[in-house]
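Trainee: Following this message is one structure expressed as structure tokens.
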Amino acid sequence: MLKGRGGASIFGKQFEDELHPELKFTGAGILAMANAGPDTNGSQFFLTLGPTQWLDGKHSIFGRVCQGMAVVNRIGMVETNTQDRPAEDIKILRTTAPN
């Protein structure tokens, strides 16, 4: 089981940002790549719980939650530790992508 530390992506250890000015962190349910600075994307991602405009132009957005926002809201209510990470693991067991 992975512990949220990430690892290599299908592109190798790290890959370049794919930033598009029209894609913005306008609300909850936006999926984006976590990184440690420009062009340091790996396999970690995050999802927003609300507007996070300070992330615009810094993280590559690749999707959004279309259905199941109640699940996103429940994730946002879990207890977190001092690093603002969930105190207990949250597992994604199944996802679907529209055709």
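Trainee: When you go through (1) of a type outside the set (A, V, I, L, M); (2) assigned to a loop (DSSP other than H, G, I, E, B); (3) surrounded by 10 or more Cβ atoms within 10 Å (Cβ to Cβ) one by one for residue 98, which number turns out not to apply?
Mentor: Condition not satisfied by residue 98: (3).
Trainee: Tally time: how many residues in region 80-92 are exposed (fewer than 10 other Cβ atoms within 10 Å of the Cβ) and either in contact (Cβ under 8 Å) with a residue 12 or more places away in the chain or closer than 17 Å to residue 29 by Cα (or both)?
Mentor: Residues that pass the stated criteria total 2.
Trainee: State whether the residues of region 58-74 include one that is in a loop (DSSP other than H, G, I, E, B), loosely packed, with under 12 Cβ neighbours inside 10 Å and either modelled with pLDDT under 90 or of a type in the set (S, T, N, Q) (or both). It would help to see each step written out before you state the result.
Mentor: First, the residues of region 58-74 that are in a loop (DSSP other than H, G, I, E, B): 58-60, 65-68.
With loosely packed, with under 12 Cβ neighbours inside 10 Å added as a condition, the list becomes 66-67.
Imposing the further condition that a residue be either modelled with pLDDT under 90 or of a type in the set (S, T, N, Q) (or both) reduces the set to 67.
Yes - at least one qualifying residue is present in region 58-74.
Trainee: Given the criteria hydrophobic (A, V, I, L, M, F, W, C), surrounded by 15 or more Cβ atoms within 10 Å (Cβ to Cβ) and in contact with a Pro (Cβ under 9 Å, 6 or more places away or on another chain), does residue 25 qualify?
Mentor: On the way: hydrophobic (A, V, I, L, M, F, W, C): yes; surrounded by 15 or more Cβ atoms within 10 Å (Cβ to Cβ): yes; in contact with a Pro (Cβ under 9 Å, 6 or more places away or on another chain): yes.
Yes.
Trainee: Spot the failing condition for residue 32; the list is (1) surrounded by 14 or more Cβ atoms within 10 Å (Cβ to Cβ); (2) of a type outside the set (Lys, Arg); (3) part of a loop (DSSP other than H, G, I, E, B), and only one is missed.
Mentor: Going through (1) surrounded by 14 or more Cβ atoms within 10 Å (Cβ to Cβ); (2) of a type outside the set (Lys, Arg); (3) part of a loop (DSSP other than H, G, I, E, B) one by one, residue 32 breaks only (3).
Trainee: In region 42-55, what residues are exposed (fewer than 15 other Cβ atoms within 10 Å of the Cβ) and either assigned to a loop (DSSP other than H, G, I, E, B) or at pLDDT below 95 (or both)?
Mentor: Within region 42-55, the subset exposed (fewer than 15 other Cβ atoms within 10 Å of the Cβ) is 46, 50-51, 53-54.
Selection gives 46, 50, 51.
Trainee: Has region 22-35 got at least one residue that is among the small types (Gly, Ala, Ser), out of contact with any helix residue (DSSP H, G or I) (no Cβ under 7 Å at 6 or more places or on another chain) and in contact (Cβ under 8 Å) with a residue 40 or more places away in the chain?
Mentor: Checking region 22-35: not a single residue is among the small types (Gly, Ala, Ser), out of contact with any helix residue (DSSP H, G or I) (no Cβ under 7 Å at 6 or more places or on another chain) and in contact (Cβ under 8 Å) with a residue 40 or more places away in the chain.
Trainee: Considering only residues of region 1-22 that are surrounded by fewer than 10 Cβ atoms within 10 Å (Cβ to Cβ) and among the aliphatic types (A, V, I, L, M), which is modelled with the lowest pLDDT?
Mentor: 1
The values are calculated or read from the model by the stated rules, or taken from the named source; none is laboratory data. All figures in this text were calculated on a predicted structure; none of them were measured in a lab. Cβ coordinates were reconstructed from backbone atoms using ideal geometry, including for glycine residues, and neighbour counts include every protein chain displayed.
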